[in-house]
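Heads up, the thing below is written out as structure tokens.
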Amino acid sequence: MKMWGFGNGIHHYFSKIRRQHHNQLLGRLFSSSAAFGPPPSRPLRRVVVTGLGLVTPLGCGVETTWKCLTAGQCGVRAITPEDLKMDGFDKDIQLLTFDQLASKVAAIVPCGSNAGEFNEALWLNSKDHRSIARFIGYALCAADEALKAANWLPSEQNEKEKTGVSIGAGTGSICDILDASRIICEKRLRRLSPFFIPRILINMASGHVSMTYGFQGPNHAAVTACATGAHSIGDAARMIQFGDADVMVAGGTEASIDALSIAGFCRSRALTTKYNSVPEEASRPFDCGRDGFVIAEGSGIMVLEELEHAQRRGAKIYAELRGYGMSGDAYHITQPHADGRGAILAMTRALEQSGLHPNQVDYINAHATSTPLGDAVEANAIKSVFSTHATSGSLALSSTKELYVDLLLHVELQDLEIVILLNNYFWSYGPSSWGSWSCGSNIHCFGYTPWDCSVDT
């Protein structure tokens, strides 16, 4: 019996072996005369970055984001009822919902037709885009920029077959789900869009990118909350290392500024609530006044490529991806373990794979989302891994989320792109956390820039 699984053109083939032949087959496979030898061993291939694309609350495009970043501009603002995407609900419900939200700040992608703005008419509102939700549109826009920057728009079939896509998301299109539930409550099921399911599936971001450019290599979509961006990049790199692809379009995307998403995070007490009147001060990594993260949206995509493949075609190489580490602390659904075991394991594994000694690392762009527990645990985990190198001042540490904050899933990806830009162009600008905050008493202060941090003892 043949069975086919489908989703976004990804096919997995399974064949069911008849039970009566099962024992005979196993005997043949594992008999000494017919045993298979080990699979062929190959050296792991080196992976480099050859293209970058960004859609952020600071603006649309790498150049716009970079200019705003180096100018110290902040992408956080106060939200309005119109930002909640409740157009199908009556005005009273919209206002009541808005009033009940404890957190009223967010980092929202600027939209419009001007340079540096996300063009909704181009990426979302055309007749052919009815199956494209906002998070998918952001990914398409960022991928387009990254591929053009990499000068990789292949036309040959064999090149398309060796180019894959790995783009993840955290929550997909929650506003579509909210709107569909309203239609059901109003007993108007026939009004539900036939594109509802394709609009909410996380893997459709990768799917639409692959369909747009004809990429037929691995098609992958990670969904691992705040780690999604890092997993998307790391998994894509391994696909190149093991020869599954020569080029991977990898990253993350999110469009979570809506009533249900904000309400849900408010109820879990994850969002900042103290700075509604001063939005630009709400995201404050490692600061003693931090009280939660700022919800945000956007996309970060990069083109990863096998080193020799990039060199043969004369591609500009921004950076090399040397190591990737994963872990789980097996502790709690949201809180990290107090000893930082998850972060320690991930950093240690990444260093081991890279072949680098901890003392060879000179900068860390921290995850640090401004949560009271998370920032402290992360800082102590870094100190545990890097020891005296961390406290000597030789290791610089900052979090750029003060400017574009937490996009739920692919924050690591945008952090990584910012680090690559710093290293390639204007290292003199960074690394730094923009602002004038002070470290909390439960955080070991080391290498924070550009100001001095002192610990209350």
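The values are calculated or read from the model by the stated rules, or taken from the named source; none is laboratory data. Source: prediction; values computed, not measured. Here Cβ is always computed from backbone atoms with ideal geometry, including for glycine, and neighbour counts include all displayed protein chains. Surface areas here come from the heavy atoms of the whole protein model, side chains and all, with no ligands, DNA or RNA. Shrake-Rupley method; radii C 1.70, N 1.55, O 1.52, S 1.80 Å.
Tabulated data
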{"quantity": "Qualifying residue in the range 330-351 (condition: in a strand (DSSP E or B), closer than 30 Å to Gly61 by Cα and not basic (Lys, Arg))", "calculated": "no"}
{"quantity": "Selected residue [within 22 Å of Val48 (Cβ to Cβ) and in contact with a Phe, Trp or Tyr (Cβ under 7 Å, 6 or more places away or on another chain)] from Ala319, Ala350", "calculated": "Ala350"}
{"quantity": "Qualifying positions in the range 110-127 - under 18 Å from Thr64 (Cα atoms) and either in contact with a Pro (Cβ under 6 Å, 6 or more places away or on another chain) or among the polar types (S, T, N, Q) (or both)", "calculated": "Ser113, Asn114, Glu117, Asn119"}
{"quantity": "Scan of the range 234-254 for residues that are touching a strand residue (DSSP E or B) at 6+ places or on another chain (Cβ under 8 Å) and open to solvent by 10 Å² or more (accessible area, probe 1.4 Å), ordered by number", "calculated": "Asp235, Met239, Gln241, Asp244, Asp246"}
{"quantity": "Index of the failed condition, Thr371 passing every other in (1) open to solvent by less than 60 Å² (accessible area, probe 1.4 Å); (2) modelled with pLDDT of 95 or more; (3) of a type in the set (Val, Ile, Thr)", "calculated": "(2)"}
{"quantity": "Positions within the range 133-147 being open to solvent by less than 50 Å² (accessible area, probe 1.4 Å) and not hydroxyl-bearing (Ser, Thr, Tyr), in sequence order", "calculated": "Ala133, Phe135, Ile136, Gly137, Ala139, Leu140, Cys141, Ala142, Ala143, Asp144, Ala146, Leu147"}
{"quantity": "Among (1) open to solvent by less than 20 Å² (accessible area, probe 1.4 Å); (2) over 25 Å from Phe89 (Cα atoms); (3) not in a helix (DSSP H, G or I), the one test that Thr273 misses", "calculated": "(1)"}
{"quantity": "Filter pass, Glu297 being open to solvent by 30 Å² or more (accessible area, probe 1.4 Å) and touching a residue at least 60 places away in the same chain (Cβ under 8 Å)", "calculated": "no"}
{"quantity": "Any hit, the range 342-352, residues being over 28 Å from Tyr138 (Cβ atoms) and polar (S, T, N, Q)", "calculated": "yes"}
{"quantity": "Within the range 375-388, tally of residues that are open to solvent by 20 Å² or more (accessible area, probe 1.4 Å) and in contact (Cβ under 8 Å) with a residue 12 or more places away in the chain", "calculated": "6"}
{"quantity": "Options Arg130, Arg190: the member that is in contact with a Phe, Trp or Tyr (Cβ under 6 Å, 6 or more places away or on another chain) and either without any contact (Cβ under 8 Å) to a residue 12 or more places away in the chain or surrounded by fewer than 22 Cβ atoms within 10 Å (Cβ to Cβ) (or both)", "calculated": "Arg130"}
{"quantity": "Residue check for Leu356: over 30 Å from Lys104 (Cα atoms), without any contact (Cβ under 8 Å) to a residue 60 or more places away in the chain, assigned to a helix (DSSP H, G or I) and not basic (Lys, Arg)", "calculated": "no"}
{"quantity": "Helices (runs of 4 or more DSSP H) lying entirely in the range 49-127 (those with 2 or more residues that are open to solvent by less than 10 Å² (accessible area, probe 1.4 Å))", "calculated": "62-70"}
{"quantity": "Matching entry among Ala263, Ala250, Ala236, Ala222 (being among the hydrophobic types (A, V, I, L, M, F, W, C), part of a helix (DSSP H, G or I), at pLDDT 95 or above and under 14 Å from the mean Cα position of the chain (by Cα))", "calculated": "Ala236"}
{"quantity": "Gly207, sole failed condition from (1) at pLDDT 95 or above; (2) open to solvent by 40 Å² or more (accessible area, probe 1.4 Å); (3) not charged (D, E, K, R)", "calculated": "(2)"}
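One line per residue, one yes/no per condition, for (1) surrounded by 24 or more Cβ atoms within 10 Å (Cβ to Cβ); (2) touching a residue at least 40 places away in the same chain (Cβ under 8 Å); (3) outside any loop (DSSP other than H, G, I, E, B); (4) in contact with a helix residue (DSSP H, G or I) (Cβ under 9 Å, 6 or more places away or on another chain):
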site	(1), (2), (3), (4)
Ala149	no, yes, yes, yes
Gly164	yes, yes, yes, yes
Ile167	yes, yes, yes, yes
Thr171	no, yes, no, yes
Cys175	yes, yes, yes, yes
Arg182	no, yes, yes, no
